[in-house]
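The values are calculated or read from the model by the stated rules, or taken from the named source; none is laboratory data. None of these values were measured; they are calculated from a predicted model. Here the Cβ is made from the backbone with ideal geometry for all residues, glycine too, and neighbour counts use every protein chain on show. Keep in mind that these areas ignore ligands, DNA and RNA; they rest on the heavy atoms of the full protein, side chains included. Shrake-Rupley method; radii C 1.70, N 1.55, O 1.52, S 1.80 Å.
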Amino acid sequence: MTVKAALFDLDGVVFDTEPQYTVFWGGQCREFHPGHPGLEQEIKGQTLVQIYDLWFSGALADKRQLITERLNLYEQQMSYDYIDGFRDFMDHLHRQGIATAVVTSSNKAKMEAVYARHPEFRQLFDAILTSEDFSASKPDPDCYLRAARRLGVSSRHCVVFEDSFNGLKSGRAAGMYVVGLATTNPAEAIRPYCDKVINNYKDYGRIFSK
């Protein structure tokens with residue numbers, strides 16, 4: 001395969017933020033679903049819309065605004081540490097002339113927190129697509145197909161980097177080569193949904209090899 005574009009999810013793929021989200025959702029789940037211990041593990045990788053639809057509808061629907069406000073504040077205070085080897089891998093992609101994009105379900109408000117922590121972030125990518133840029137959430141392929149069109153690259157020349165089941169399915173549905181990061185879920189769990197599994201980017205020279 002000729003790689004012309006690398007498309008990255010954000011949390012658990014660019015940044016090692018999933019443990020922090022587990023802490024946040026653990027608190028919300030214990031408060032609003034005390035009879036369902038471990039729920040924060042079940043909702044890993046789901047979008048906010050999906051979490052609300054599944055777990056905060058009906059009698060709990062009026063709690064969504066409160067949780068959203070808490071989440072926005074939490075994200076402003078989070079640390080955004082790059083996954084090991086990510087910056088070196090990006091330098092490698094740039095040297096190879098490979099286009100890059102972030103494709104995330106995070107909103108623009110969250111991204112402003114990212115930019116505040118990492119002023120260089122925008123310059124690392126040719127495009128950054130957030131939840132405001134597409135109509136259907138992962139696992140729908142819409143977000144990755146839009147990213148490919150934005151970069152002017154065919155799907156068959158794109159590589160998707162994802163950690164969640166929904167994200168992996170989205171990349172597959174878009175007809176792209178999918179690399180799964182075992183940062184959020186175990187390698188053996190995500191392996192059926194991707195073409196290759198990696199733990200981080202430190203051995204980036206082997207990522208596109210068979």
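Simple spin-label estimate for HIS118 and PHE208 gives 2.1 nm between the two label positions (7 Å along the Cα-to-Cβ direction from each Cα). Taken over the chain, the convex hull of the Cα atoms encloses 115 Å³ per residue. Among GLN96, GLN76, GLN123, the largest mean-square fluctuation in a Gaussian network model of the chain, built with springs joining Cα atoms closer than 10 Å, belongs to GLN123.
Mind checking the full-extension length gain between LEU73 and LEU54? Use 0.36 nm per residue of separation minus the Cα-Cα distance, one decimal, nm. Show your work: numbers first, answer last.
Details: separation 19, 0.36 × 19 = 6.84 nm, distance 2.28 nm.
Taking 0.36 nm per residue and subtracting the Cα distance, the gain is 4.6 nm.
On the principal axes of its alpha-carbon atoms, the range 123-208 has extents of 31, 25, 23 Å, going from largest to smallest. Return the carbon/sulfur percentage of the accessible area of the chain, one whole number, probe 1.4 Å, all protein chains in place. In the chain, the share of accessible area belonging to carbon and sulfur is 48 percent. Computed with a 1.4 Å probe over protein heavy atoms only, the accessible area of LYS4 comes to about 100 Å². Spin-label model, HIS36/ASP142: points 7 Å from Cα along the beta carbon direction are separated by 2.5 nm.
The mean accessible area for residues of the range 1-158, using a 1.4 Å probe and ignoring ligands and nucleic acids, is 47 Å² per residue.
Can you tell me what percent of all Cα-Cα pairs in the range 16-129 are more than 25 Å apart?
Details: 2129 of 6441 pairs.
When all Cα pairs of the range 16-129 are counted, 33 percent exceed 25 Å.
Inter-part distance, the range 156-181 to the range 24-74, computed on C-alpha centroids, equals 26 Å.
For a modelled paramagnetic label at ALA189, 7 Å from Cα along Cα-to-Cβ, the residues of the range 31-56 in reach, with backbone nitrogen under 13 Å, are 38-46. Computed over the chain with a Gaussian network model linking Cα atoms closer than 10 Å, the most mobile of GLY167, GLY97, GLY45 is GLY97. Candidates GLN50, LEU181, LEU145 compared by Cα position along the dipole of the chain: farthest toward the positive end lies LEU145, with charges placed on Cβ.
Looking at the chain, what % of its DSSP beta bridges pair antiparallel, to the nearest 5? Spell out each step's value before the answer.
Values: 1 of 20 bridges.
Approximately 5 percent, going by the DSSP bridge assignments.
In the chain, Cα pairs under 8 Å separated by at least six residues give a relative contact order of 26 percent.
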